[in-house]
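> Once you've had a glance at the structure underneath, I'll fire off some questions.
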Amino acid sequence: MPNEELLRLVDSIHRDKGISKDLLFEAIEQALMSASRKRFGTSGEITVRINRESGDIEAYEDGRRVSPDAFGRIPAQTAKQIIIQKIREAERDVIYNDYEAKLDTLVNGTVHRFEKGSIVVNLGRTEARIPRKEQVFSEQYRVGDRIRAYVVRVQKKGQKVEIELSRTHPNLVRELFALEVPEISDRVVEIKGLAREPGHRTKIAVYSNDPKVDPIGACVGVRGTRIRSIVEELNGEKIEIVRWSDSPDIFIRNALSPAEITAVELDREALRARVIVPEDQLSLAIGKKGQNVRLTAKLTHWNIDILTEEQARKRREEDRAEVYKIPMLPPGVAEKLLLSGLASLRAIAAKGAQNLATLYGFGEDLAKEIVEYAAKRDAEIEAQRAAAAAQEAAAPPAAPDAKADAQGAGETASVAAGEGSDGGEARGAASPGGAGVEGGEPGKGQ
């Protein structure tokens, strides 16, 4: 190969593939050495060097310089295959390093084709896949459509680099907010939490480090321009922006917005919150198929029970009655426990045997027996309540009515912080605690 042609080839591959020239020259040198050994079968040491400036080839055998022509006709196909292999390996490494740096960020591409349920996305220099599990059920794409996705995995596999993207990952929404809201990228406004049911609804908790900056207003933008762009990117997914607070009581109230909350009773040991609402607010607090309370539990990391005021009163009476039923309590002690604030089995179990023994003069064995009974009986009651709630939720509705979008005004919602999605929708509206966005209109809900 003429020297000028060799230099042009290396420069062309370097510009097209982004592979360094040194790697290309080294690949060619190794290919020529390998082909030479196959040609001659020599046991001597063969070295080939290419001048990076002139393209001249220098050949050595056992340290003695020889003319490259002395090797005769080197098998061109062997050299070509080795060069191609080395170039592919170098190209793979460049792509891998490039996209590994983009892990946990957003990338843009176009839909190239559909393959076994996956969307194959053209990213320019390479392809990536969005598996079915990472696709939003309500989104439909055609070949050539622009698509933005979150990079969740990058790995080498043979001569290829596998890049996995996601449209369902919660951090997709987080990254979109960072792009659209300068206050977030500048760290004036922080995203403190995010809970998402892809294709339906997202709750995002925000906080401002600057008292002069309203975090919800910054995220919504003037006339909703910022939030509208995010909603459009998510194809109409509802977004509710919640004001974060380090007080669990206030945070839970904000997260359950727009429902009006009468009281929030916290069990800090069990990270359980009993939320009491007026009768006419129960459906709104629970949301369609329990979505509002479920997302609130995920966002706040508290297990949440929602009761009406009447249900809460009955629950308190039941809890007090269970205290009286503790079989090993000496006479008159139940009243003392209730007056001191231990008005439920859970409170007694959380107090601990040592504290009971110290405060009420119990023997250590009796205190331990009381605590063990309270914990066991409380778990049984909670299991019974959970089973009853599940049975009510599974029962078909008698007839559609105005409250069909919730579990029903007469029911209780009990949701664990890590509970999964059932694909339902929920209501959202603007309030002092948060702003809901639906279909691109800020401050509006159903």
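Residue-wise test of (1) surrounded by fewer than 23 Cβ atoms within 10 Å (Cβ to Cβ); (2) charged (D, E, K, R).
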| residue | (1), (2) |
| --- | --- |
| L299 | no, no |
| A312 | yes, no |
| D319 | yes, yes |
| I326 | yes, no |
| E335 | yes, yes |
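> Same structure again: Within the range 220-229, work out how many residues are without any contact (Cβ under 8 Å) to a residue 60 or more places away in the chain and either outside the structural domain of S185 (by TED's automatic domain parsing) or under 21 Å from the mean Cα position of the chain (by Cα) (or both).
Qualifying residue count for the region: 1.
> Kindly state which helices (runs of 4 or more DSSP H) lie completely within the range 240-340 and contain at least 2 residues that are of a type outside the set (F, W, Y), in contact with a Leu (Cβ under 7 Å, 6 or more places away or on another chain) and within 23 Å of A379 (Cα to Cα).
The qualifying helices (runs of 4 or more DSSP H) are 309-324.
> Would you call L345 closer than 30 Å to E260 by Cα, in contact with a Lys or Arg (Cβ under 6 Å, 6 or more places away or on another chain) and in the same structural domain as D249 (by TED's automatic domain parsing)?
Criteria not met by L345.
> Here is a follow-up. Being closer than 30 Å to Y96 by Cα and at pLDDT below 75 is the filter here; which residues of the range 35-61 pass it?
Within the range 35-61, just A35 meets the criteria.
> Are there any pairs with C-beta distances below 9 angstrom linking a residue in the range 7-19 that is in contact (Cβ under 8 Å) with a residue 24 or more places away in the chain to a residue that is among the polar types (S, T, N, Q), with the two at least 6 apart or on different chains, and if so which?
Close Cβ pairs (under 9 Å, with a partner that is among the polar types (S, T, N, Q)) amount to L7/S54.
> In the range 322-374, which residues are small (G, A, S) and closer than 19 Å to E265 by Cα?
Passing the criteria: S340, G341, A343, S344, A347, A349, A350.
> Have a look at E180, E139 and point out the one that is out of contact with any strand residue (DSSP E or B) (no Cβ under 6 Å at 6 or more places or on another chain), closer than 30 Å to R223 by Cβ, not aliphatic (A, V, I, L, M) and not assigned by TED's automatic domain parsing to the domain that holds V220.
Answer to the selection: E139.
> Specify which of the listed residues (L345, L356, L339) is at pLDDT 60 or above and either loosely packed, with under 12 Cβ neighbours inside 10 Å or β-branched (V, I, T) (or both).
Checking each option against the conditions leaves just L339.
> Restricting to the range 136-164, give me the number of residues that are under 15 Å from V121 (Cα atoms), within 20 Å of the chain's Cα centre (by Cα) and of a type in the set (A, V, I, L, M).
Counting residues in the range 136-164 that are under 15 Å from V121 (Cα atoms), within 20 Å of the chain's Cα centre (by Cα) and of a type in the set (A, V, I, L, M) gives 6.
> Quick check on this structure: which one of D280, D319, D267 is among the charged types (D, E, K, R) and not assigned by TED's automatic domain parsing to the domain that holds A205?
Unique residue meeting the criteria: D319.
> Please work out if V213 is touching a helix residue (DSSP H, G or I) at 6+ places or on another chain (Cβ under 8 Å) and part of a loop (DSSP other than H, G, I, E, B).
It is true that V213 is touching a helix residue (DSSP H, G or I) at 6+ places or on another chain (Cβ under 8 Å) and part of a loop (DSSP other than H, G, I, E, B).
The values are calculated or read from the model by the stated rules, or taken from the named source; none is laboratory data. It should be emphasised that the depicted structure is a prediction, and the values quoted were computed from it without experimental measurement. Every residue, glycine among them, receives a Cβ derived from its backbone with ideal geometry; neighbour counts consider all protein chains shown.
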